[in-house]
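In what follows, a single structure is set out as C-alpha cells and then discussed.
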Amino acid sequence: MGKKHLYVLCSILVIIGVAVTSYRMFVLDFPALPDQTSETWRIETKIEFDAAGKQVKLDLQTPQSFGPYVVVSQNYVAPGYGTGSVADKANRTTTFSRASVAGRQAIYAGAVIHRVRSRGVIVEDENPTQQRSRFTGADAAASQALVFRLSERSADAETYTRLLVAELSSPPAGREAAALLGTNRNSRNVMRTAVRVLADANIPARSVHGIALEPDLPPRLVPSVSLDCLLSGE
C-alpha cells in the first residue's frame, strides 16, 4: 500500500470518527466536557425456557426509540444459537435459532438507553383503531354478557377497562371470564382477551408491553392495555 492510499484510508477513518462523535454530541446529547452529565441507563434481562429436544426459534422485539428515549446499543449472549436482526421504524426484531436443543436454556440481552433532550414536539404513537373481537359461538355470547354487565357498573372507557382487567385477572374469575380465558390465565392472555372484549364494547384498544424496574431485581415484562381515550388525553 502506497502512502497515498494510506492517507486516504486515514482520512476516511477520521471523517467517520468525527461524524460519530458529532452525532453523539449534538443529536444524542452525550457529554463532551468533564462537568456535563447525561441520562443513560443499561438494562439487562435474562430469558429462560425449557427446550424439548426440537428446533428452537425465539423472536425478541425491542423498541428503536420511545418518546425522548433512544436505544443506543444492544447486545446478546446466546451460546450455540444463530442470531439475526431486522429493524423497522419502530422496533428491532432479533431472532435466535437452533436446530435441536434440550434442557434449560438461557439467553441474555442488554441495551443502553439514553434520554435525548427534546428539541420540539414529541410525536406520540397513532391511536389504536377499532378492531373486531373475532369471538364466535359460546365465546361471543360470554363476551356480550360481560360487556353488558360491566357497562352498568362503569362511567367511561377508563373505568370500564379497569373493571374488565380486574374481572379477568382476579382469581377465581367470573363465569364469563372463565369461559373466555379457559385454562390459560397468564397475563399475556388476559390482556389479549381484554382487547377483544373492549372491541365488543366499541372501545379502541391494543395490548402494549413495558419493563417494570424494581430495586435490586431483574426487569420483568408487563403487558397492559392502551386506550384510545387515554392516548388522546380525553
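Can you confirm whether region 73-96 contains a residue that is assigned to a loop (DSSP other than H, G, I, E, B), of a type outside the set (A, V, I, L, M, F, W, C), modelled with pLDDT under 85 and exposed (fewer than 13 other Cβ atoms within 10 Å of the Cβ)?
yes
Residue by residue through region 58-72, note down the ones that are in a strand (DSSP E or B) and under 24 Å from residue 20 (Cα atoms).
62, 63, 65, 66, 69, 70, 71, 72
Return the pairs, sorted by first residue and then second, in which the second residue is surrounded by 14 or more Cβ atoms within 10 Å (Cβ to Cβ) and part of a loop (DSSP other than H, G, I, E, B), the first residue lies in region 70-81 and is of a type in the set (A, V, I, L, M, F, W, C), the beta carbons are less than 8 Å apart, and the residues are 6+ apart or on different chains.
Between residues of region 70-81 that are of a type in the set (A, V, I, L, M, F, W, C) and residues that are surrounded by 14 or more Cβ atoms within 10 Å (Cβ to Cβ) and part of a loop (DSSP other than H, G, I, E, B), the close pairs are 70/28; 70/116; 72/28.
Within region 130-161, how many residues are modelled with pLDDT of 85 or more and either basic (Lys, Arg) or not in a helix (DSSP H, G or I) (or both)?
Final tally of qualifying residues: 1.
Applying the selection to region 31-53, what residues are at pLDDT below 80 and not charged (D, E, K, R)?
31, 32, 33, 34, 36, 37, 38
Out of region 83-101, which residues are under 15 Å from the mean Cα position of the chain (by Cα) and small (Gly, Ala, Ser)?
87, 90
Looking only at region 156-180, how many residues end up being free of Cβ contacts under 8 Å to residues at least 40 places away in the same chain and buried (at least 18 other Cβ atoms within 10 Å of the Cβ)?
Selection size over region 156-180: 5.
From 112, 116, which residue is surrounded by 10 or more Cβ atoms within 10 Å (Cβ to Cβ) and modelled with pLDDT under 85?
Every option except 116 fails the conditions.
The values are calculated or read from the model by the stated rules, or taken from the named source; none is laboratory data. In this text the structure is predicted, and so the values were computed from the model without any measurement. Cβ sites come from the backbone with ideal geometry, for glycine too, and all protein chains shown count toward neighbours.
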